[in-house]
Amino acid sequence: HARRIEGVDKNIWVEFTQLAADYQVVNLGQGFPDFSPPSYIQEAFCKAVNGGCSMHQYTRAFGHPPLVTILAKFFSKVVGHDIDAFEDILVTVGAYQALFCTFQALVNEGDEVIIIEPFFDCYQPMVKMAGGKAVYVPLRPRFEGGKALTSADWVLSSEELASKFNSRTKAIVINTPNNPLGKVYKREELQLIADLCIKHDVVCISDEVYEWLTYDGAKHVKIASLPGMWERTVTIGSGGKTFSATGWKVGWAIGAGHILKHLKTVHQNSVYHCATAAQEAVAVGFQREYEHFGTPESYFLQLPERLQHKREKLAACLESVGLQPVLPEGGYFMIADISSVKVDLNDPSTQGEPYDYRFVKWLIKEKGLATIPVSAFYSPEHSKDFENYIRFCFVKEDSTLSSAEAILRNWS
Ligand code: PMP
Ligand code: GLN
């Protein structure tokens, strides 16, 4: 095998999705809705599939023209910058491929890439496969009054962050709203990152797949909209997360043409283009959202409204059983502290694994509830300090959340 894949053979999604399937659990593990996408977008997909011959054939390599056109129109308004549909956008097979193309296109052997912890796990193997070196900087909980109650209490130290930038730094990856924590970066926090990127001539890779999901009035700010950042930011989005259709695998990267052209080089020589009909349906979805933006008809308002109540329901349940949650400001995950729960983890098959892995496996096998261990979202250097949290996904039917609640309330 090639050296570039050494050490990246383990994958939590592969492992825990299989376990959840094997044990027929109530699944609050992998992040996907267990309800349908909005009907208008399902209809758009059906119409595309049943439409003309062209929907079944190749389309433009870098993005189906109707999709890049509406993405440019939509996001120009949001970013406050005139986005060129054909120069500044690449449509990819999910946000995953947008991330992969970005690292492959920009990172050289020995380059450093700063990753803020906790982070969506694929950043690390992708940096490694590109020949780069991941450099980590953690968000640390501020224990005011004894406990960190919300994701806003997890903050970067500006000195620590600044100390990670040097002449080898090529890029920094941020994720807002964050998976798994739910942190929504404030403008001042983004400004700090932006200042360092500009000072050290570093690219910012901003993973914003949960951009429409914020709660309690938290505002999602695009780092690309800050002064001097459009030229050096690649913003990544996901049709799967945006429209509750994770199986469609339509994602995108948006950024200045002089950067995006390198992502296109990777794309044209690997994947070439993504499924035409799915792109057509996502284009119809964005067209509709463009027309209804800011009105109660907008799915980008309806989904967070629906999720806000699910967030309260899950948080109340976790709290009542002694699993102190960190209330997320955004996204559709919630982490909870398991240190006060005493269970006898005597499963010899998981001996030697991190505590949260063992706990999650016990919860799956003995209690029929799937979650995800949070130390998986940390570097090997820091994961030991975060073995006392597990992640719950709440983009689920109320009935699913109630079944999870019943399990949690009955176990002790
Ligand atoms: N980034 C983050 C933060 C994610 O949680 C996910 C998982 N959906 C992705 C990227 C990948 O998204 P996609 O399913 O569109 O490939
Ligand atoms: N992004 C999703 C999550 O965090 C799923 C990722 C995956 O299944 N590979 O749960």
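The values are calculated or read from the model by the stated rules, or taken from the named source; none is laboratory data. Quick caveat, the model's predicted, so the values are computed rather than measured. As a convention, Cβ positions derive from the backbone with ideal geometry for all residues, glycine included, and neighbour counts pool all protein chains shown. In case anyone asks, the SASA skips ligands and DNA or RNA and just uses the protein heavy atoms, side chains included. Shrake-Rupley method; radii C 1.70, N 1.55, O 1.52, S 1.80 Å.
Starting from the Kirkwood radius over alpha-carbon pairs of segment 124-196, derive D by Stokes-Einstein at 37 °C in a medium of 0.692 mPa s and give it in µm² s⁻¹. After rounding, the answer is 239 µm²/s. The chymotrypsin sites (Phe, Trp or Tyr not before Pro) of segment 103-164 that DSSP puts in a loop, and whose beta carbon has at most 13 other beta carbons within 10 Å, are Phe143. When nucleic acids and ligands are ignored and a 1.4 Å probe is applied, Ser54 ends up with an accessible area of around 80 Å². Packing, taken as the mean count of other beta carbons within 10 Å per residue, orders the peptides 156-165, 401-410, 66-75 from highest to lowest as 66-75, 401-410, 156-165. The value of relative contact order for the chain, using C-alpha pairs under 8 Å at least six residues apart, is 24 percent.
Note on segment 1-91: with neighbouring protein chains present and a 1.4 Å probe, carbon and sulfur make up 52 percent of its accessible heavy-atom surface. When a/c reaches 1.5 or more, the comparison of a/b and b/c decides; with that in mind, is segment 81-145 rounded, prolate or oblate per its Cα gyration tensor? Oblate. Among the protein heavy atoms, those of Ile89 account for about 0 Å² of accessible surface (1.4 Å probe, every chain in place). Placing +1 on each Lys and Arg Cβ and -1 on each Asp and Glu Cβ, with no other charges, gives segment 53-178 a dipole about its Cα centre of roughly 160 debye.
Summarised in one figure, the compactness ratio Rg/Rh of the chain, Cα atoms and Kirkwood Rh, is 0.95. Kirkwood-type hydrodynamic radius, segment 305-355: 12.8 Å, calculated from all non-identical alpha-carbon pairs.
Rolling a 1.4 Å probe over the protein heavy atoms leaves Met126 with an accessible area of roughly 10 Å². Taking the square roots of five times each eigenvalue of the Cα gyration tensor of segment 259-340, the equivalent ellipsoid has semi-axes of 37, 22, 10 Å, listed largest first. Note that the chain presents 41 Å² accessible area per residue, ligands and nucleic acids not counted, probe 1.4 Å.
Once a ≥ b ≥ c are taken as the square roots of the eigenvalues of the Cα gyration tensor of segment 122-278, is the result rounded (a/c under 1.5), prolate (a/b larger than b/c) or oblate (a/b not larger than b/c)? Judged from the Cα gyration tensor, segment 122-278 comes out oblate (a/c at least 1.5, b/c at or above a/b). Past the 26 angstrom mark, what percentage of all C-alpha to C-alpha distances in segment 76-213 do you count? I get 25 percent for the Cα pairs in segment 76-213 exceeding 26 Å. Each residue, Val271 and Arg140, gets one label point 7 Å from its Cα in the Cβ direction; the gap between the two is 3.8 nm.
Taking chymotrypsin sites (Phe, Trp or Tyr not before Pro) across segment 226-285, the ones in a DSSP loop with at most 14 further Cβ atoms lying within 10 angstrom of their Cβ are Tyr272. In terms of its alpha-carbon gyration tensor, segment 201-256 comes out oblate; a/c meets the 1.5 threshold, while b/c is at least as large as a/b. Here the alpha carbons of segment 256-412 define both size measures, Rg and Dmax, at 20.6, 58 Å.
Relative intensity of segment 19-83 on a log10 scale, I(q)/I(0) at q = 0.21 Å⁻¹, equals -0.97, per a Debye sum over C-alpha point scatterers of equal strength in the absence of solvent. When the chymotrypsin sites (Phe, Trp or Tyr not before Pro) in segment 355-412 are filtered for DSSP coil states and for at most 16 other beta-carbon atoms within 10 Å of their beta-carbon, the remaining sites are Trp411.
In this simple spin-label approximation, Gln18 and Ser54 carry label points 7 Å from Cα along the Cα→Cβ vector, and these lie 4.4 nm apart.
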